[in-house]
Each structure stands twice: as structure tokens, then as C-alpha cells.
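The values are calculated or read from the model by the stated rules, or taken from the named source; none is laboratory data. Being a predicted model, the structure only gives us computed values, none of them experimental. In this analysis, Cβ positions are derived from the backbone assuming ideal geometry, glycine residues included, and neighbour counts consider all displayed protein chains. Note: areas computed on protein heavy atoms with side chains; ligands, DNA, RNA excluded. Shrake-Rupley method; radii C 1.70, N 1.55, O 1.52, S 1.80 Å.
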Amino acid sequence: QVQLVESGGGLVQAGGSLTLSCAASGSIFSINAMGWYRQAPGRRRELVATITTRNSTIYADSVKGRFTMSRDKAKNTVYLQMNSLKPEDTAVYYCNKVPNPIGSWGQGTQVTVSS
């Protein structure tokens with residue numbers, strides 16, 4: 001069974017930066033596009049960044065120009081570099097397959113941006 005483990009979250013002031021990591025067991029990264037999702041309190045989970053198997057990236061308008069997703073296939077790890085953070089970026093961040101995420105989500109990593 002694939003396991004996804006997110007890390008790197010924390011508390012940061014508006015305008016600050018964080019880098020999230022997601023490590024996975026198995027070959028999920030090598031054969032699938034991967035994405036970073038986030039879920040804020042009281043809101044639905046949303047996809048904010050995608051990286052394809054050919055390393056093309058797609059971003060939601062809300063994070064475009066501020067977030068950068070990358071992958072290290074050798075380490076089975078994807079990353080999300082987040083710059084110019086805003087309070088509205090506060091959420092639990094998860095990684096998973098795109099599309100059709102697997103059912104066993106990781107625990108996520110909390111990102112809190114203070115104003």
C-alpha cells in the first residue's frame with residue numbers, strides 16, 4: 001500500500017517562505033502526475049499545484065507566481081516551494097496523485113500564515 005508522508009509546514013509571517021516535502025513509498029511518483037492539495041477550515045480540499053511525469057507544472061491562479069512544485073524521482077519525493085505567503089494560504093497541505101487521488105491520504109502538514 002502506498003504511503004504518503006508530508007512535512008515542512010509551520011507558522012510563518014505574511015510574506016515569508018516555506019518548503020514542503022512529500023515522500024512516498026512505492027512507485028506512485030514515477031508513473032503518475034502528482035499534486036499538492038490544501039484544505040482550509042470549513043472549505044473543500046483544493047488542488048493548488050501539479051507536476052507531470054515530464055516535469056511540466058500547473059498552478060491554481062491563487063498561487064501562480066508564488067509557489068513552485070518540483071520532484072526528485074530518485075528520492076520518491078515531491079516538493080512545494082512557497083514564497084510570498086499570504087494569510088489565505090493557511091491550510092493543511094497534502095500531496096497525492098493527479099487525477100484520481102488514492103484513498104489513503106497522508107496526515108498532511110499544517111501551514112499557518114499570520115498577518
Problem - Prolate/oblate/rounded label for region 32-73 (Cα gyration tensor, a/c 1.5) - result: prolate
Exercise for the section: Scan around Ala60 for amide H atoms under 5 Å from its own, H built in the peptide plane at 1.01 Å from N, and keep only partners 5 or more places away or cross-chain. Expected result: Ala49
Exercise for the section: Counting helices only, and only those DSSP H runs with n ≥ 4, report the 222 nm mean residue ellipticity of the chain as the sum of -39,500 (n - 2.57) divided by its residues, in deg cm²/dmol to the nearest 500. Expected result: -500 deg cm²/dmol
Exercise for the section: Would you mind telling me the share, in percent, of accessible area of region 12-105 contributed by carbon and sulfur at probe 1.4 angstrom? Expected result: 49
Problem - HN-Hα J in Hz across region 20-30 - Karplus 6.51, -1.76, 1.60, θ = phi - 60°, x for Gly and Pro - result: 9, 10, 9, 9, 10, 7, x, 9, 4, 5, 6
Practice task
Among Ala91, Gly65, Tyr79, flag the residue with its Cα farthest along the positive direction of the charge dipole of region 53-112, charges on Cβ as +1 for Lys/Arg and -1 for Asp/Glu.
Solution key: Tyr79
Completion exercise
Length gained, Thr52-Gln3, 0.36 nm per residue minus C-alpha separation, equals 15.7 nm
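So, R0 is 25 Å and r is the distance between the beta-carbons of Trp105 and Lys73; what FRET efficiency does that work out to, to 0.05?
Result of the calculation: an efficiency of 0.70.
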Fill in the blank from the handout: Expressed in angstrom and rounded, the centroid-to-centroid distance over alpha carbons for region 1-49 and region 57-115 is 4
Practice task
Pull up the cross-link candidates among the lysines for Lys73, meaning alpha carbon to alpha carbon under 28 Å and not fewer than 8 places away within one chain.
Solution key: Lys64, Lys97
Completion exercise
Amide H contacts under 5 Å for Ala33, restricted to residues at least 5 apart in sequence or on another chain and with H modeled in the peptide plane, are Thr53, Val98
Practice task
Compute the accessible area per residue over the chain, keeping the other protein chains in place, probe 1.4 Å, unit Å².
Solution key: 52
